[in-house]
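Asker: Mind having a look at this structure? Questions to follow.
The values are calculated or read from the model by the stated rules, or taken from the named source; none is laboratory data. Remember, predicted model here, so these are calculated numbers, not experimental data. All Cβ positions, glycine included, derive from the backbone under ideal geometry; neighbour counts span all protein chains shown. For the accessible areas, the whole protein counts, side chains as well, though only heavy atoms, and no ligand, DNA or RNA atoms are used. Shrake-Rupley method; radii C 1.70, N 1.55, O 1.52, S 1.80 Å.
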Amino acid sequence: MELLKLHHDFIAEHHRKGTPFIIFQGGRRSGKTVSILQFLYMESLTHPHTRTLIVTDTYARLKESIFQDLIMINRSAGGDGRRMRIHFTGGTRVLFETGSDFAFVYAGRDVRGYASNFQYIFFNECIQYDARTAREALKAAGPGCQVFFDYNPYTRFWVNDLYERPDNKLITTYHDNPFLSDFVRRELDRTAAMGKDAAPGTMERYLYEVECRGIDSTLSGLCLPHHRTIADEDYHLSPLPEILACDWGALHATADPDVICGFRFDTNVIYAHEYYYSRHGGDEEMAAVLRSIPFCHQYLVYDTSTEGADRVRSLFARTHLRFHFSPARKGAGSVLTGIRNLQPYEICVTASSRHFLEELENYRFVQKGDTLQPSDNWNHCCDALRYAFNLWTMLPEQRKKC
C-alpha cells in the first residue's frame, strides 16, 4: 500500500502524543482524505474492535469518494471481501474481520441512535458544513478519541477558530503527492500558471491560492464565474424539463426584488431564463407571469422566507396551475455549499435575462472580518438557481427527463 510519508509521519507523531484534534488542510489532490483513511484502515485491522465514525456532507460524497478510496486501499493492501465489507442495510457501515467498524453520519443529521465511545471521528471536507454538526458528532466520542478534519480552504472558518492549535495542522499541496497521474498534475500546473500572476480579486488568482497552494485566500472572486449568454429560443425550445424557482423580497417594502426564474439542467450545463424581476410588483403580477408560462406540470421551488408559504397559496389561488410546489432547502452553510456545488457548471442565460446576467457579473466573494463570504447583494436570481439545483439533485432520474 503506497503511503504519503509526509502525511503519515504527521499522523504518527500526533497519534503517539494523543493529540485530540488533527487537521489536514490542503489544495486539490494533495492526498489528505486517502492518507487519513489509510491510517484508520490499518488501525481497524491491527487493533480489533476499533470503532470509527466518519462524517460527510452528502451520501454522494460518501459513495463517490470515501467508499471508492476504501476499496482502493483494501485492494492495494491485498485485502478481499472478507477483510473489509461495506454494508448498506441496517445503516451504512464498513465491517472488518477484526470486529472493527466504520459508521457514517451526514452533516446536519442528528447523531442520536449511533452508539458512542468511538475511538476515531473523521470529518471529511468539513468546510462544507457548520460547527453545530461537529459538536453533535463529538458527543459520540469515547475516552481518548482522536478527531481528524480535512478540507480544501477558501477562508478561515470554524475549524480554525475552535480546533486549530499551533502544531496540529498540516498544510499540503498536490506537489506533496507523488502518486498523482500525469493528467491531473498537468491540469493543476495549468491552473497554477494561470493564477500565479493574475490580478488580485480574479477567480484565477483565487483558484491558484486555494486549489494549488492550499492556503486561506483573502481574495474575492466571482461566485459563479462560468456563464455565457444564449438566445432565448435555445432555452424555450429545449426538450429538457423545466424547474421554476422563486425568491421573494418585495413584500413589506423590503429593498430586494421578487424573482421568478426557470432552469433546465443537463450533465455539465445549466440553462436559465428570467421570467420576472421586480421590486414594485406583487402577487397579481407574478400570477400573470406564471399563467403565461407553457404549463407542463413543472416543479416550482419557493423561498420559505418572507411568508413564503402564504405567497405560494396566494399565487395558486390566482393561477390554479397545479405545479409541484416544493419549499427551498435552506439552513446554516447552505449558501456556500450551494455555490461550491454550482461552480463546476456552465450557466447559459438567455439574452433577455438582463438582471440575471447583471447578477452573475457582480455576485462575488467579499471579505467579512476574517472570512471570505458571498456578498449579500446581486444574489436573488442566484438564490433561485440554488433552490432549483438542490431540488434537481434530489429528483429520481426518470423525473429529470421528458
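Asker: Of the residues in segment 284-304, how many are out of contact with any Asp or Glu (no Cβ under 9 Å at 6 or more places or on another chain) and on the phi < 0 side of the Ramachandran plot?
Answerer: Quick first cut of segment 284-304, residues out of contact with any Asp or Glu (no Cβ under 9 Å at 6 or more places or on another chain) only: 284, 287-292, 295, 297, 300-301, 304.
With the extra rule that they be on the phi < 0 side of the Ramachandran plot, the set shrinks to 284, 287-292, 295, 300-301, 304.
Counting residues in segment 284-304 that are out of contact with any Asp or Glu (no Cβ under 9 Å at 6 or more places or on another chain) and on the phi < 0 side of the Ramachandran plot gives 11.
Asker: Criterion first (of a type outside the set (Gly, Ala, Ser), at pLDDT below 85 and in a helix (DSSP H, G or I)) does Asp161 satisfy it?
Answerer: yes
Asker: Could you list all residues from segment 12-28 that are buried (at least 22 other Cβ atoms within 10 Å of the Cβ) and not polar (S, T, N, Q)? Working first, answer last.
Answerer: Here is the first cut: in segment 12-28, the ones buried (at least 22 other Cβ atoms within 10 Å of the Cβ) are 22-27.
Selection gives Ile22, Ile23, Phe24, Gly26, Gly27.
Asker: Only one of Thr33, Thr98 is touching a Pro at 6+ places or on another chain (Cβ under 6 Å), among the polar types (S, T, N, Q) and at pLDDT 90 or above. Can you tell me which?
Answerer: Just one listed residue meets the conditions, Thr98.
Asker: Output yes when any residue across segment 192-210 is under 25 Å from Val55 (Cα atoms), in contact with a Phe, Trp or Tyr (Cβ under 8 Å, 6 or more places away or on another chain), modelled with pLDDT under 95 and buried (at least 18 other Cβ atoms within 10 Å of the Cβ), and no when none is.
Answerer: yes
Asker: May I pose another question? Can you tell me how many residues in segment 348-367 are over 11 Å from Leu222 (Cβ atoms) and open to solvent by less than 10 Å² (accessible area, probe 1.4 Å)?
Answerer: Number satisfying all stated conditions: 5.
Asker: Taking segment 5-25 only, how many residues are within 26 Å of the chain's Cα centre (by Cα) and outside any helix (DSSP H, G or I)?
Answerer: Counting residues in segment 5-25 that are within 26 Å of the chain's Cα centre (by Cα) and outside any helix (DSSP H, G or I) gives 5.
Asker: Does any residue of segment 279-286 turn out to be open to solvent by 40 Å² or more (accessible area, probe 1.4 Å), of a type in the set (A, V, I, L, M) and either over 17 Å from Cys348 (Cα atoms) or in a helix (DSSP H, G or I) (or both)?
Answerer: No, because not a single residue in segment 279-286 is open to solvent by 40 Å² or more (accessible area, probe 1.4 Å), of a type in the set (A, V, I, L, M) and either over 17 Å from Cys348 (Cα atoms) or in a helix (DSSP H, G or I) (or both).
Asker: Let me ask another. Ala332 passes all but one of (1) closer than 19 Å to Leu207 by Cβ; (2) small (Gly, Ala, Ser); (3) open to solvent by 50 Å² or more (accessible area, probe 1.4 Å); which number fails?
Answerer: (1)
Asker: Hey, another quick one. Looking only at residues in segment 211-222 that are open to solvent by less than 50 Å² (accessible area, probe 1.4 Å) and at pLDDT below 85, which one is farthest from Ile171 (Cα to Cα)? Walk me through it before giving the result.
Answerer: The initial filter retains those residues of segment 211-222 that are open to solvent by less than 50 Å² (accessible area, probe 1.4 Å), namely 211-212, 214-217, 219-222.
Checking which are at pLDDT below 85 leaves us with 215-217, 219-222.
Working: Ile215: 8, Asp216: 10, Ser217: 14, Leu219: 19, Ser220: 22, Gly221: 23, Leu222: 25 Å.
It comes out as Leu222.
Asker: Further, regarding this structure: Considering only residues of segment 54-92 that are in a loop (DSSP other than H, G, I, E, B) and at pLDDT 85 or above, which is surrounded by the most Cβ atoms within 10 Å (Cβ to Cβ)? Break it down into steps so the answer makes sense when it comes.
Answerer: Let us first name the residues in segment 54-92 that are in a loop (DSSP other than H, G, I, E, B), namely 57-58, 77-83, 88-92.
The next check asks that each one be at pLDDT 85 or above; those that pass are 77-78, 83.
On the way: Ala77: 14, Gly78: 8, Arg83: 16.
It comes out as Arg83.
Asker: Here is a follow-up. Give segment 301-354 a look and list any residue that's of a type in the set (Val, Ile, Thr), under 25 Å from Tyr235 (Cβ atoms) and touching a helix residue (DSSP H, G or I) at 6+ places or on another chain (Cβ under 6 Å), or say none.
Answerer: So the first thing to find is which residues in segment 301-354 are of a type in the set (Val, Ile, Thr), and the list is 301, 304, 306, 312, 319, 335, 337, 339, 347, 349-350.
Restricting the remaining residues to those that are under 25 Å from Tyr235 (Cβ atoms) gives 301, 312, 319, 339, 347, 349-350.
Within segment 301-354, Val301, Thr319, Val349, Thr350 qualify.
Asker: I want to confirm something. Restricting to segment 298-328 and keeping residues that are among the polar types (S, T, N, Q) and either open to solvent by 40 Å² or more (accessible area, probe 1.4 Å) or not in a loop (DSSP other than H, G, I, E, B) (or both), which single residue is farthest from Pro241 (Cα to Cα)?
Answerer: Only one residue fits best here, namely Thr306.
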